[in-house]
Structures are given as C-alpha cells and as structure tokens.
Amino acid sequence: MDCRNPRRRLAAAAPPAGALPDDALVEILSYLPVKPLHRFKCVARGWRDLIDDPSIRRKLAQTVEGFFVMDDGGDWGSFSFVNLLARSVPLDIDPSFSFLTSLPGIETLAFLDSCNGLLLFEHRRKSAPRCVLGYIVCNPVTKEWGSVPNCGCRPLRPVYGRSSYLVFDPAVSPHFHLILFRDEPDEASRILVMPHAYSSETGTWSHIHTDWNMQQEQEGQSEEWWRYQGLSPVQSPRRALVNGMMHLIVMYLQNLVAVDVQGKTQRIIPVPDVARWDAFAYVDVAQSQGRLHYLRESIQGDTLSIWVLKDYGTDTQEWVLLDTLNFLLLFGKRSYSCGQREFRVVAIHPDCNVVFLAQFSELKLISTTWIVKK
C-alpha cells in the first residue's frame with residue numbers, strides 16, 4: 001500500500017473523520033475487504049487511529065496468513081502462531097486459546113481440522129477421552145466461536161475409527177458444516193463407514209442410513225461402495241475443499257472421494273496412473289488457485305510430484321504433472337531415511353505455486369516454489 005502524500009490525492013474528496021459517528025463509520029468500514037480498508041487509513045489521521053484501535057480492529061476485516069503449530073502434547077499440547085505477513089498490522093492472536101479453555105464447563109479440547117480461517121475442536125470428557133461432549137468452531141482472529149452438540153450417536157469402542165472435517169467457504173455462505181465419518185459395525189459385525197453431517201444454518205445433524213441389502217442390489221451403480229468395504233478416510237489435513245465438495249484420501253483406495261456437505265459421495269476420482277501408491281508412499285491432496293492438486297512422494301523419498309486436475313468434472317478431465325521437486329537437490333536430504341521422517345508436506349499456498357514443508361530434525365517450516373512444466 002502506498003500512503004505517500006495522501007492529502008494530494010484525497011484531501012479534496014475526504015470528509016472529516018467526525019462527519020459520521022464512530023459507531024456508524026465502523027459499521028461501514030466492516031464491510032470493506034482488507035486492502036481497501038487499509039487504504040482508507042490514508043484519508044485522515046482520525047480514520048487511521050480508528051482503524052488501528054485494538055478495540056475496533058477485531059470488528060474489521062483482517063488478512064491472516066500463517067500456521068498454528070502444535071507440539072506433541074497429547075490432545076491439546078501447546079500452540080504457537082507463525083505469521084507469514086511480517087509487515088501486516090499486529091494481530092491479536094491468542095495461541096493458548098484461553099478464550100475457549102476458560103469457558104465454563106470445558107473439560108478437554110482436541111484440535112481436529114481447519115478450513116478457510118476457522119478452526120474445529122472436539123470437546124471431550126476429561127475422564128473418558130472417547131466420550132465426545134460436542135464441538136467448538138472458532139475464528140482465532142476475531143475470537144468468535146460457536147458450539148456444536150455431539151451427533152447423538154452411540155459411543156465407539158477404541159478399535160473403531162472416526163474422522164471429522166470442517167467445511168467453510170465464506171465466498172459461498174457465512175455458514176459452516178461438519179462432516180463426521182465413523183466406522184460402525186452392523187448386526188452382522190460388518191464395518192460400515194457411516195457419514196453424519198451438521199449445518200450451522202439449521203443447527204441440526206443429519207444422518208445417512210445405510211442398508212447393506214440395498215447396496216448389494218446396486219453393486220457397481222452406487223458411488224458409496226467404498227463405505228461398504230469399511231475403507232476409512234484419512235484424517236485432516238489430507239483433504240481439499242474444491243467446487244463446494246470435500247475431497248478425501250481413503251485408506252487403501254487408489255481413488256479420491258468427493259463428498260458434499262451432507263457427507264454423500266458425489267464422485268470418485270482416480271489418481272494419476274503413474275502415481276498409483278502403495279502402503280509406503282506418502283500422498284496428499286490440496287486446493288490451490290481454485291483447483292484440485294494431488295501430491296505424491298516417491299517410494300525412495302527423494303522426490304515430490306505435484307499434479308493438478310484439469311477440466312474438473314468434465315468428460316475430458318485429466319491429471320497434469322506440474323513439477324517434480326527433488327529433496328536431494330533442494331535440501332541435500334531425502335524426505336525420510338532409515339525409518340525416520342525428515343520432511344513432510346504441511347500445505348500448498350492457496351494463491352500461488354508454493355509448497356510448505358516441515359523439517360522435523362531442525363524444527364523448521366520451509367517454503368519452496370514449483371515451476372509449471374510446459
């Protein structure tokens with residue numbers, strides 16, 4: 001932002017800061033995106049002071065680019081925040097989340113997922129961690145939060161898995177959704193992956209009931225067949241929200257699964273033929289620049305291939321290889337060796353060709369760019 005000589009550009013058109021009551025001005029400014037908001041700091045000193053006021057700032061749009069880092073401390077651990085916008089206005093971030101942990105009745109919070117600036121925590125009974133009391137969704141910048149009741153399902157034994165996903169797209173709706181998949185045995189002790197979904201708009205859970213006999217009748221015709229085989233989705237962050245659907249990696253399945261906000265499978269997307277993985281290959285899925293990306297490490301741990309799905313949802317959709325990063329050339333080390341992991345993909349940038357990696361031996365967060373192959 002260029003604020004040089006603001007009077008020359010704006011003095012003639014700028015009304016005095018006192019022309020409107022502060023409350024009315026804040027209400028108007030709260031509708032502005034981040035960049036125009038900060039340009040208005042150049043209008044007058046009063047506007048600048050108002051926008052920078054800590055008591056006002058949380059009501060206004062803020063740009064946050066960074067990572068919450070949690071150490072290995074059990075369900076909660078210790079959080080810190082890495083701000084990628086060093087020259088931005090100082091953020092009022094509370095990495096201890098005291099505005100949540102100090103709430104009456106809170107026992108144990110476990111971080112589960114994040115999506116477009118919102119974080120999802122599971123509220124568990126302290127004396128029985130498998131007992132889910134509910135969920136909390138919060139905005140760590142504004143410190144706004146909302147509670148979500150548990151899904152009303154019977155508790156699971158430890159042997160059965162569950163995975164939870166937060167879905168939030170502020171460009172589409174101010175409401176969020178939770179998608180919960182649980183491994184549940186039927187009367188014949190067959191494991192089914194059952195979806196349950198919550199909408200903040202209705203404040204209710206919905207449940208997709210599974211009929212094994214109906215599935216056998218529709219064998220080969222239903223996109224839900226993976227759930228009947230007991231193939232569980234891999235927990236976050238290995239998921240991507242693209243085109244309003246959550247794309248998941250499913251254990252032992254050589255496809256990606258796209259589910260809607262009700263948890264219903266809408267399509268099965270095969271992974272690139274040359275990237276078919278085995279049990280030892282690390283794979284990931286992510287969203288960048290509005291498109292679905294697929295990442296896969298080589299079995300030897302020396303390269304990371306990055307693919308993008310072109311013409312998504314059409315008859316001509318195909319995976320295109322963007323680049324292959326060589327860990328040995330970039331860092332002098334493999335992603336893992338001798339059973340020890342050195343690097344792992346944390347995320348890819350939502351707006352540009354940048355991948356973020358965690359380096360475990362040095363406790364570092366590393367970013368590197370990829371070059372699209374012509």
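The values are calculated or read from the model by the stated rules, or taken from the named source; none is laboratory data. Model, not experiment: these values are computed from the prediction. Every residue, glycine as well, gets a Cβ built from its backbone with ideal geometry; the counts of neighbours run over all protein chains shown. Protein only, heavy atoms only, side chains kept; ligands, DNA and RNA dropped before computing areas. Shrake-Rupley method; radii C 1.70, N 1.55, O 1.52, S 1.80 Å.
Are any of the residues in segment 158-166 farther than 29 Å from Lys310 by Cα and modelled with pLDDT of 90 or more? No, there is no match, as no residue in segment 158-166 is farther than 29 Å from Lys310 by Cα and modelled with pLDDT of 90 or more.
Listed here are the residues, each with its yes/no results for (1) over 16 Å from Met251 (Cα atoms); (2) among the small types (Gly, Ala, Ser); (3) surrounded by fewer than 13 Cβ atoms within 10 Å (Cβ to Cβ).
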site	(1), (2), (3)
Thr265	no, no, no
Gln289	yes, no, yes
Ile299	yes, no, yes
Leu304	yes, no, no
Leu322	yes, no, no
Leu325	yes, no, no
Leu329	yes, no, yes
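Only one of the numbered conditions (1) farther than 21 Å from Phe121 by Cα; (2) of a type in the set (A, V, I, L, M, F, W, C); (3) at pLDDT 85 or above is not met by Ala188, and that is (3). Can you say whether Ala358 is assigned to a loop (DSSP other than H, G, I, E, B), in contact (Cβ under 8 Å) with a residue 12 or more places away in the chain, in contact with a strand residue (DSSP E or B) (Cβ under 9 Å, 6 or more places away or on another chain) and surrounded by 13 or more Cβ atoms within 10 Å (Cβ to Cβ), as far as the supplied structure shows? It is false that Ala358 is assigned to a loop (DSSP other than H, G, I, E, B), in contact (Cβ under 8 Å) with a residue 12 or more places away in the chain, in contact with a strand residue (DSSP E or B) (Cβ under 9 Å, 6 or more places away or on another chain) and surrounded by 13 or more Cβ atoms within 10 Å (Cβ to Cβ). Scanning segment 174-197 for residues that are open to solvent by 20 Å² or more (accessible area, probe 1.4 Å) and within 22 Å of the chain's Cα centre (by Cα) yields a count of 5. Within this structure, Glu144 fails the test of being more than 23 Å from Val250 (Cα to Cα), open to solvent by 60 Å² or more (accessible area, probe 1.4 Å) and modelled with pLDDT under 85. Take the residues in segment 67-108 that are among the polar types (S, T, N, Q), part of a loop (DSSP other than H, G, I, E, B) and at pLDDT below 85; name whichever of them is nearest to Val355 (Cα to Cα). Looking at the filtered set, the residue picked out is Ser88. Going through segment 109-129 one residue at a time, which ones are touching a strand residue (DSSP E or B) at 6+ places or on another chain (Cβ under 6 Å), farther than 16 Å from Asn139 by Cα and in a loop (DSSP other than H, G, I, E, B)? Listed by number, the list holds a single entry, Lys126. In segment 318-331, the residues that are in a helix (DSSP H, G or I) reach residues that are open to solvent by 50 Å² or more (accessible area, probe 1.4 Å) with C-beta atoms within less than 8 angstrom, at least six apart or across chains, in these pairs: Phe327/Lys333; Phe327/Arg334; Leu328/Arg334.
Residues in segment 163-171: is at least one in contact (Cβ under 8 Å) with a residue 12 or more places away in the chain, under 20 Å from Cys115 (Cα atoms) and not in a strand (DSSP E or B)? Checked against the condition, which is being in contact (Cβ under 8 Å) with a residue 12 or more places away in the chain, under 20 Å from Cys115 (Cα atoms) and not in a strand (DSSP E or B), segment 163-171 yields at least one hit. Restricting Gln300, Gln317 to those that are at pLDDT below 95, closer than 24 Å to Val257 by Cα and more than 23 Å from the chain's Cα centre (by Cα) reduces the list to Gln317.
Of everything listed in (1) touching a Phe, Trp or Tyr at 6+ places or on another chain (Cβ under 9 Å); (2) in a strand (DSSP E or B), the single unmet condition for Arg267 is (1).
Scanning segment 98-129 for residues that are charged (D, E, K, R) and either open to solvent by less than 70 Å² (accessible area, probe 1.4 Å) or closer than 30 Å to Ala286 by Cβ (or both) gives Asp113, Glu122, Arg124. Look at segment 294-312: where a residue is free of Cβ contacts under 8 Å to residues at least 12 places away in the same chain and closer than 13 Å to Val355 by Cα, no partner that is in a loop (DSSP other than H, G, I, E, B) and open to solvent by 10 Å² or more (accessible area, probe 1.4 Å) sits 6+ places away or on another chain with Cβ atoms under 6 Å. Reported count of residues in segment 147-165, each being open to solvent by 50 Å² or more (accessible area, probe 1.4 Å) and among the hydroxyl-bearing types (Ser, Thr, Tyr), is 1.
On the stretch given as segment 331-352, residues that are of a type in the set (Gly, Ala, Ser) and either open to solvent by less than 50 Å² (accessible area, probe 1.4 Å) or touching a Lys or Arg at 6+ places or on another chain (Cβ under 7 Å) (or both) total 2. Taken over segment 136-162, the residue count meeting the criterion of being of a type in the set (Ser, Thr, Tyr), in a loop (DSSP other than H, G, I, E, B) and within 22 Å of Ser206 (Cα to Cα) is 1.
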